[in-house]
1. Identify, from the list Thr51, Thr43, Thr86, the residue that is crowded, with 18+ Cβ neighbours inside 10 Å and either of a type in the set (S, T, N, Q) or on the phi > 0 side of the Ramachandran plot (or both).
2. For the list (1) open to solvent by 60 Å² or more (accessible area, probe 1.4 Å); (2) under 20 Å from the mean Cα position of the chain (by Cα); (3) not small (Gly, Ala, Ser), I need the number of the one condition that Tyr139 fails.
3. Is it the case, given these coordinates, that Arg181 is open to solvent by 40 Å² or more (accessible area, probe 1.4 Å) and touching a residue at least 40 places away in the same chain (Cβ under 8 Å)?
4. Considering segment 99-119 alone, what residues qualify as being hydroxyl-bearing (Ser, Thr, Tyr) and part of a strand (DSSP E or B)?
5. Does any residue of segment 159-174 turn out to be over 14 Å from Lys108 (Cα atoms), under 21 Å from the mean Cα position of the chain (by Cα) and modelled with pLDDT under 95?
6. Look through segment 196-236, keep the residues that are within 30 Å of Ala111 (Cβ to Cβ) and out of contact with any Leu (no Cβ under 8 Å at 6 or more places or on another chain), and return whichever of them is most open to solvent (accessible area, probe 1.4 Å).
7. Restricted to segment 17-37, and to residues that are in a loop (DSSP other than H, G, I, E, B) and of a type in the set (D, E, K, R), which residue is least open to solvent (accessible area, probe 1.4 Å)?
8. Please identify the pairs in which a residue from segment 112-136 that is among the charged types (D, E, K, R) has its Cβ atom under 9 Å from the Cβ atom of a residue that is open to solvent by 40 Å² or more (accessible area, probe 1.4 Å) and assigned to a helix (DSSP H, G or I), counting only partners at least 6 apart or on another chain.
Amino acid sequence: MRVVFALVLVFATAVVQAQAIQAVTEDTAYTYLEHGRVSGPATEHVRAALTRAGFSDVRIDLYPWARAYAMAESQPNVLIYLIARTPEREDRFKWAGELMRINYHLYKLTAREDVVVDSLDAARRYRVGVMRSDVRQQYLQRNGFAHLVESSGNDANFQKLLAGRVDLVPLPRGDAARLCRKFGIDCATLTPVLALDALTVDLYMAFSPSTDDAVVERLRRGYAALKAEGHLVDID
């Protein structure tokens with residue numbers, strides 16, 4: 001009987017390991033394309049965790065956030081990162097591990113002296129660039145922002161700020177610096193005008209709800225082991 005149980009356990013483990021995993025993310029300071037390969041500090045954490053968990057058939061793709069989010073909601077064995085763990089999303093995904101904490105600021109062009117923001121209430125009168133299905137869009141909508149301008153990704157959102165099509169964009173400092181480098185502008189061109197302290201969130205990797213629980217648990221354990229052994233450097 002013990003032999004049979006052991007064989008079943010070995011077979012079940014092999015099946016979980018053989019699962020094909022598609023990991024999806026967006027273009028950020030922590031997840032980006034480098035020499036045709038999805039890279040960045042958050043991606044390296046995810047890749048290391050998947051390897052440690054024994055998943056060998058893994059594909060990592062970069063998409064606009066709304067597309068990545070829709071895939072993770074509807075398809076099995078999809079791992080999305082960096083995704084904010086909010087009360088609204090708690091039951092929509094299977095959470096596999098916290099990757100980092102992030103803080104957002106509202107940014108304006110320094111030359112825009114007409115844009116004066118010293119409170120969340122003052123910011124409501126301006127056009128704010130956001131990304132579809134993003135936690136920043138949801139936060140601003142909950143707080144009565146009526147002039148939100150949607151984009152599919154960070155680059156398009158930032159370009160709208162540079163072109164004057166929006167007045168403000170919410171960004172973490174790391175993304176602001178990366179976007180300045182990417183578009184070849186001096187970061188002094190941007191000014192952070194308001195810290196969105198209530199939007200400080202923990203960013204996770206999470207599986208689609210139809211993913212088998214055994215797959216989720218295997219990644220949780222692999223990631224926890226890496227952290228416990230001190231193999232992962234904190235993402236700043």
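1. Thr43
2. The failed condition is (1).
3. Details: open to solvent by 40 Å² or more (accessible area, probe 1.4 Å): yes; touching a residue at least 40 places away in the same chain (Cβ under 8 Å): no.
Against the criterion (open to solvent by 40 Å² or more (accessible area, probe 1.4 Å) and touching a residue at least 40 places away in the same chain (Cβ under 8 Å)), Arg181 does not qualify.
4. Tyr107
5. yes
6. The residue in question is Asp236.
7. Glu26
8. Sorted first by the residue in segment 112-136, then by its partner, the list stays empty.
The values are calculated or read from the model by the stated rules, or taken from the named source; none is laboratory data. Being a predicted model, the structure only gives us computed values, none of them experimental. All Cβ positions, glycine included, derive from the backbone under ideal geometry; neighbour counts span all protein chains shown. Only protein heavy atoms, including side chains, enter the accessible area calculation; ligands, DNA and RNA are left aside. Shrake-Rupley method; radii C 1.70, N 1.55, O 1.52, S 1.80 Å.
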